[in-house]
1. Counting only residues that are surrounded by fewer than 14 Cβ atoms within 10 Å (Cβ to Cβ) and more than 15 Å from the chain's Cα centre (by Cα), how many does the range A:9-43 have?
2. Looking at A:ALA54 and the list (1) modelled with pLDDT under 90; (2) more than 11 Å from chain B (Cβ to nearest Cβ); (3) touching an Asp or Glu at 6+ places or on another chain (Cβ under 9 Å), which single condition is not satisfied?
3. Restricting attention to the range B:228-257, which residues are outside any helix (DSSP H, G or I) and touching an Asp or Glu at 6+ places or on another chain (Cβ under 9 Å)?
4. Could you say which residue among A:ILE79, A:ILE132 is touching a residue at least 24 places away in the same chain (Cβ under 8 Å) and touching a strand residue (DSSP E or B) at 6+ places or on another chain (Cβ under 8 Å)?
5. Just to be sure before I move on: is A:ALA188 open to solvent by less than 30 Å² (accessible area, probe 1.4 Å) and within 13 Å of the chain's Cα centre (by Cα) in the structure I sent?
6. With (1) over 24 Å from B:GLU140 (Cα atoms); (2) hydrophobic (A, V, I, L, M, F, W, C); (3) assigned to a helix (DSSP H, G or I) as the list, and B:PHE188 as the residue in question, which single condition is left unmet?
7. What's the number of the condition A:GLU159 fails, among (1) among the acidic types (Asp, Glu); (2) buried (at least 19 other Cβ atoms within 10 Å of the Cβ); (3) in contact (Cβ under 8 Å) with a residue 60 or more places away in the chain?
Amino acid sequence: MALDHVDLSIEEGEFVAILGTNGSGKSTLAKQLNAILLPTSGVCRVAGMDTRAAERLWDIRQTVGMVFQNPDNQIIAAIVEDDVAFGPENLGVPSDEIRRRVDESLAAVGMTSFRGFAPHLLSGGQKQRVAIAGTLAMKTKCLVLDEPTAMLDPVGRREVLETVRRLHRESGITVVYITHFMEEAAAAQRIVVMEDGKIVEDGSPKAIFGRVDAMRKRGLDVPLAAEVAWKLQKQGIQLPENIVTNEELAVALCR
Amino acid sequence: MLTDITIGQFFPGTSILHRLDPRAKLLLLLVLMAAIFVFDTPGGYAVLTGLALLLAATSGVPLSMYFRSLRPLWWILAFTFLIHLCATPGEVFFHFWIFDMTKEGLSRGFFLCLRLTLLILFSSLLTFTTSPLSLTDGMERLLRPLKVVGVPAHELAMMMTIALRFVPTLIEETDTIMKAQQSRGADFSTGNALKRVRHLVPILVPLFISSFRRADELATAMEARCYRGGEGRTRMKELHVGGIDYAAAGVTALLFAAMGAMKMAGI
């Protein structure tokens, strides 16, 4: 069973990171959120719509936009702006409205100057930003990103995370961010940890990364700062609890 | 190496041909191709040749490209010409061994070669001045009425678009696979033809497997973005038939009338 007794509710405007080893059910959970997969038992509701209700399928997929891991395999058109237009075109939006949305979405991810480019000329981070713009153009309320940075270099990773954080902050978009990078998860408001298709932890980054032992046992890492703080504490050095970011560690050590 | 390949033969520009609607260009190409066979008089050929040369000269595409597009046809042209020269009965003007070259053969061979050359030239004019994407768009619109008889116009166009989009990606991937196999000692450049074909297997197998995986992921991504076929779909870039297209159609009609008149008069 890929998902087992998962009981999770994500509020509008939340930024949730989902962690877990390979095969823990993260991607399966993500695909439930826009009805690519349907629950075999139990219910998955998106903005009050049951994902098994076939007549609401396109409303659900418009509400929840998805960005996948491989940037090459989710860009459909041979020109950046045509690809961003793909979603609204499918929804039957009039052409001048599509043009407006495409311009807005490309501006929102900072890709306006690449509008006429062929996708294969872009870097991985830029391709992922185009993919994000493609969901924004559908007027998506919730963005689900399934390991969007797994195939990117550090620069691309930063680009994507910055873009997502800005969209969350400025447009109040709901974000579900699946990742293997703990530094990225630390940017979320809430972290959900999965194991064998079950949710085993659910809390703030501080609460989750504060328990380094527990994370280790699950085969997961913690951000470097949290690990250093934990090791120092074991050596008997007095440090405040719940250090997650480098800045917090630096401030605590300088005191 | 492999990544230098460009798709299609499109030369961006602003000539009259570039500004025509792709549908208009496709239809006019068909009409002109028919004209090559219908108006088979010296006068007709003169008009069509003149038109082709005028369009080529004003297209803004380097003229050498047109010669290059004729190059694969060179042997066929020469062969056709020789066969007609020697095999047409009539007034012999040169005799060599068992070959009798006739004046009738000379003119028949010449006009046949001209016909083939014109066909290639007119199609090159289309592909050189129309981007593959607008060509696909144009074909989709033109084929749309045929949907009632079961022609999947939208699906064909979507396939073309995706193929065009993935050509560079797959070329890059082929390059990577070749390098990976070469670093394991694979040899692609020696041996006879059969051996070289066998050497392609370790490239093609991984390429095919990865293409299937890509197709699967792409299909999921398309569904996630509400793709559900051509029904009810709108387009951001609508095609517009403008004055220039009607003018082109008008000029073509006039040329047709002129060629028809010349054929009646036997010129």
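1. Within the range A:9-43, the subset surrounded by fewer than 14 Cβ atoms within 10 Å (Cβ to Cβ) is A:9, A:11-12, A:22-23, A:38, A:40-43.
Filter again for more than 15 Å from the chain's Cα centre (by Cα), leaving A:9, A:22-23, A:38, A:40-43.
So the count comes out to 8.
2. Only one criterion is unmet by A:ALA54, namely (3).
3. Narrowing the range B:228-257 to residues outside any helix (DSSP H, G or I): B:228-242.
If the condition is that a residue be outside any helix (DSSP H, G or I) and touching an Asp or Glu at 6+ places or on another chain (Cβ under 9 Å), then B:GLY229, B:GLY230, B:ARG233, B:THR234, B:ARG235, B:MET236, B:LYS237, B:LEU239, B:HIS240, B:VAL241, B:GLY242 are the ones that fit.
4. Values: A:ILE79 fails: touching a strand residue (DSSP E or B) at 6+ places or on another chain (Cβ under 8 Å).
Answer to the check: A:ILE132.
5. Working: open to solvent by less than 30 Å² (accessible area, probe 1.4 Å): yes; within 13 Å of the chain's Cα centre (by Cα): yes.
Taking the combined requirement at face value, the residue satisfies it.
6. For B:PHE188, the failing item is (3).
7. Every condition holds for A:GLU159 apart from (3).
A quick yes/no check of all residues on (1) without any contact (Cβ under 8 Å) to a residue 60 or more places away in the chain; (2) within 14 Å of another protein chain (Cβ to nearest Cβ); (3) not in a loop (DSSP other than H, G, I, E, B):
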position: A:GLU12; (1), (2), (3): no, no, no
position: A:ALA17; (1), (2), (3): no, no, yes
position: A:THR28; (1), (2), (3): no, yes, yes
position: A:ASP59; (1), (2), (3): yes, yes, yes
position: A:GLN62; (1), (2), (3): no, yes, yes
position: A:GLY65; (1), (2), (3): no, yes, yes
position: A:ASN73; (1), (2), (3): yes, yes, yes
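The values are calculated or read from the model by the stated rules, or taken from the named source; none is laboratory data. Note that the coordinates shown come from a computational prediction; the quantities given were computed from them, not determined experimentally. Here the Cβ is made from the backbone with ideal geometry for all residues, glycine too, and neighbour counts use every protein chain on show. These area figures cover heavy atoms from the full protein model, side chains too; ligands, DNA and RNA do not enter into them. Shrake-Rupley method; radii C 1.70, N 1.55, O 1.52, S 1.80 Å.
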